[in-house]
Amino acid sequence: MQFTSFLQDGHLTVALTGEIDHHCAKSYIQSIAAKIEAYTPSVCVLDFSEVTFVDSSGVAVVINALRAMKQIEGRLLMTGIGKQPMKVFKTAGIDKLIEIKEATV
């Protein structure tokens, strides 16, 4: 698991990398929740530009980030989603819950 994050003007951007599966999902969930709790951003952007694979554990990462943002009355956005991750997110209905920007389908 590896990611970078930065806060700018109340927007927290978390750039995820590699494969998001059961091996790293719990760490991503905990790390993203800790960043949201520490910074209380008005918007959190999950950047999937460098993500090559997502399974149902990746859906859990997104849902947990959404819950954390709802607790602080913030918004969650997703961006840079590739073809395979987008297929998983659409199948799970994530595209109906969260705004997705710059999707490459």
_Residue among D9, D47 that is crowded, with 19+ Cβ neighbours inside 10 Å and charged (D, E, K, R)_ = D47
*Qualifying positions in the stretch 77-97 - open to solvent by 10 Å² or more (accessible area, probe 1.4 Å) and touching a residue at least 24 places away in the same chain (Cβ under 8 Å)*: L77, T79, G80, G82, Q84, V88, A92, L97
*asked:* If the requirement is being β-branched (V, I, T), over 15 Å from L12 (Cβ atoms) and assigned to a helix (DSSP H, G or I), which of these qualifies: V88, V62?
replied: V88
*asked:* Just the residues that are among the hydrophobic types (A, V, I, L, M, F, W, C) and surrounded by 15 or more Cβ atoms within 10 Å (Cβ to Cβ), please, taken from the stretch 50-76.
replied: V51, V54, V59, A60, V61, V62, I63, A65, L66, A68, M69, L76
_the stretch 10-39 - residue that is in a loop (DSSP other than H, G, I, E, B) and touching a strand residue (DSSP E or B) at 6+ places or on another chain (Cβ under 9 Å) and, of those, nearest to Q71 (Cα to Cα)_ = G10
_Taking the condition of being surrounded by 14 or more Cβ atoms within 10 Å (Cβ to Cβ) and either charged (D, E, K, R) or touching a residue at least 40 places away in the same chain (Cβ under 8 Å) (or both), how many residues in the stretch 22-44 meet it?_
2
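The values are calculated or read from the model by the stated rules, or taken from the named source; none is laboratory data. Computed from a predicted structure; not experimentally measured. Neighbour counts run over all protein chains shown; Cβ positions are idealised from the backbone, glycine included. Heads up: the accessible areas ignore ligands, DNA and RNA and are worked out on the full protein's heavy atoms, side chains in. Shrake-Rupley method; radii C 1.70, N 1.55, O 1.52, S 1.80 Å.
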